[in-house]
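Colleague: Next up is a structure, given as structure tokens.
The values are calculated or read from the model by the stated rules, or taken from the named source; none is laboratory data. If you're wondering where the values come from, they're calculated on a predicted model, not measured in any experiment. FYI the Cβ positions are ideal-geometry reconstructions off the backbone, even for glycines, and counts take in every protein chain you see. Please note that ligands, DNA and RNA were not included when accessible areas were found on the heavy atoms of the full protein model with its side chains. Shrake-Rupley method; radii C 1.70, N 1.55, O 1.52, S 1.80 Å.
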Amino acid sequence: RWGRRRPFILVGGILCALTFPLIWWVPVGWSNDGRFAWLAATLLLYFTSATLYSVPWLTLNYELTRDSVERTRLQMYRAYAGMAVAMFMPWIFRVAQAD
């Protein structure tokens, strides 16, 4: 009913949302070694969940249609949208710091 990839996308997205803030919530009073261990563990959790999300999401396009031209067109739209977002990403900090 949900397909092979959609449950992974759902679970991976939720885990990304839960693990990303943990990277920055380092417990106060820990030594440098403890902070490094916290950073290593939380980054491992985050990037594992990001992989759980991104790999099925990127390969979902191959199952959407059997027509190779339409599949290529879908990939093109996704690539253009990603490039448009990437062009405006450097401005997010500037806008967030504005009065």
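Colleague: I'd like the carbon and sulfur percentage of the solvent accessible area for the chain, probe radius 1.4 Å, heavy atoms only, ligands and nucleic acids excluded.
Modeller: Values: 5750 of 8240 Å².
Heavy-atom surface of the chain belonging to carbon and sulfur, 1.4 Å probe: 70 percent.
Colleague: Give the peptides 74-84, 15-25, 43-53 in descending order of average Cβ contacts within 10 Å, highest first.
Modeller: Values: 74-84: 10.9, 15-25: 13.4, 43-53: 15.8.
Averaged packing, sorted descending, gives the order 43-53, 15-25, 74-84.
Colleague: Here is a follow-up. Probe radius 1.4 Å, ligands and nucleic acids left out: which of Asp33, Asp99 has the largest accessible area, and how do the rest follow? Don't skip to the answer; put the middle values down first.
Modeller: Details: Asp33 120, Asp99 200 Å².
From most accessible down to least: Asp99, Asp33.
Colleague: Sort the range 51-99 into rounded, prolate or oblate with this rule: let a ≥ b ≥ c be the square roots of the eigenvalues of the Cα gyration tensor; rounded if a/c is under 1.5, and if a/c is not under 1.5, prolate when a/b is larger than b/c, oblate otherwise.
Modeller: Values: a/c = 5.57, a/b = 2.27, b/c = 2.46.
It is oblate, given that a/c is not under 1.5 and a/b is not larger than b/c.
Colleague: In debye to the nearest 20, how big a dipole does the chain give about its Cα centre with +1 on each Lys and Arg Cβ and -1 on each Asp and Glu Cβ?
Modeller: Working: 10 positive and 5 negative charges, 83 e Å.
Here the chain has a charge dipole of around 400 debye.
Colleague: So what is the accessible area of the chain per residue, in Å², with the probe set to 1.4 Å? Let's see the in-between values first.
Modeller: Numbers: 8240 Å² over 99 residues.
Each residue of the chain exposes 83 Å² on average to a 1.4 Å probe.
Colleague: Expressed as a whole number of Å, what is the distance separating the alpha-carbon centroids of the range 8-22 and the range 63-77?
Modeller: 27
Colleague: What fraction, in whole percent, of alpha-carbon pairs in the chain exceed 19 Å separation?
Modeller: On the way: 3120 of 4851 pairs.
Result: 64 percent of Cα pairs exceed 19 Å.
Colleague: At a Förster distance of 35 Å, what's the computed FRET efficiency of Phe47 paired with Thr72, Cβ-Cβ distance as r, to 0.05? Please list the in-between numbers first.
Modeller: Values: r = 29 Å, r/R0 = 0.84.
Calculated value: 0.75.
Colleague: While we're on this one: Once label points are set 7 Å from the Cα along Cα→Cβ at both Ile23 and Arg35, what is their separation, rounded to one decimal in nm?
Modeller: Roughly 1.7 nm, to one decimal.
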